[in-house]
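To keep things clear, I will list the structure first and then write my remarks on it.
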Amino acid sequence: MLDIKFLRENPEAVKENIITEDEKDELLSIAKSTFYPKRNYAQTLNSSKLDDDTKDRLVTFIRFCEDIKKEDAKSLIRYITHVIE
């Protein structure tokens, strides 16, 4: 599943010259126009105009970034655990 929040709020890929601001905007546009259960990185990247080298660098970059959804879920579990104890 693609995390739009990651693309929107994480300017690091642009700061590190992996993608341009225009490329980031294109990816966001593709992701926003895709029904969320069908939204994923492969589909979004394949629908984009990014060249293969840029796609590969972006995938590598994403793999080493913090997973926002995963961290949010962990935080929620810790909170629930605290509340029920």
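What residue, of Val14, Val59, is in contact with a Lys or Arg (Cβ under 7 Å, 6 or more places away or on another chain) and either of a type in the set (D, E, K, R) or modelled with pLDDT of 80 or more (or both)? Break it down stepwise before answering.
On the way: Val59 fails: in contact with a Lys or Arg (Cβ under 7 Å, 6 or more places away or on another chain).
Of the residues listed, the single one that is in contact with a Lys or Arg (Cβ under 7 Å, 6 or more places away or on another chain) and either of a type in the set (D, E, K, R) or modelled with pLDDT of 80 or more (or both) is Val14.
For the stretch 26-37, does any single residue satisfy the condition of being of a type in the set (D, E, K, R), touching a residue at least 12 places away in the same chain (Cβ under 8 Å) and part of a loop (DSSP other than H, G, I, E, B)?
no
The rows are residues; the columns are (1) more than 14 Å from Glu12 (Cα to Cα); (2) more than 15 Å from the chain's Cα centre (by Cα); (3) not basic (Lys, Arg).
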| residue | (1), (2), (3) |
| --- | --- |
| Asn46 | yes, no, yes |
| Lys49 | yes, yes, no |
| Asp52 | yes, yes, yes |
| Asp56 | yes, no, yes |
| Lys70 | yes, no, no |
| Ala73 | yes, yes, yes |
| Arg78 | yes, yes, no |
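Can you tell me which residue is farthest from the chain's Cα centre (by Cα) among those in the stretch 29-44 that are of a type in the set (A, V, I, L, M, F, W, C) and loosely packed, with under 15 Cβ neighbours inside 10 Å?
Checked the stretch 29-44; the qualifying residue farthest from the chain's Cα centre (by Cα) is Phe35.
Could you grab me the full set of residues in the stretch 38-53 that are closer than 17 Å to Ile18 by Cβ and not in a helix (DSSP H, G or I)? Can you show your working first?
Initial filter on the stretch 38-53 (closer than 17 Å to Ile18 by Cβ): 41, 44-45, 48-53.
If the condition is that a residue be closer than 17 Å to Ile18 by Cβ and not in a helix (DSSP H, G or I), then Ser48, Lys49, Leu50, Asp51 are the ones that fit.
The values are calculated or read from the model by the stated rules, or taken from the named source; none is laboratory data. In this text, all values refer to a predicted model and were calculated from it rather than measured experimentally. Positions of Cβ are backbone-derived with ideal geometry, glycine not excepted, and every protein chain shown enters the neighbour counts.
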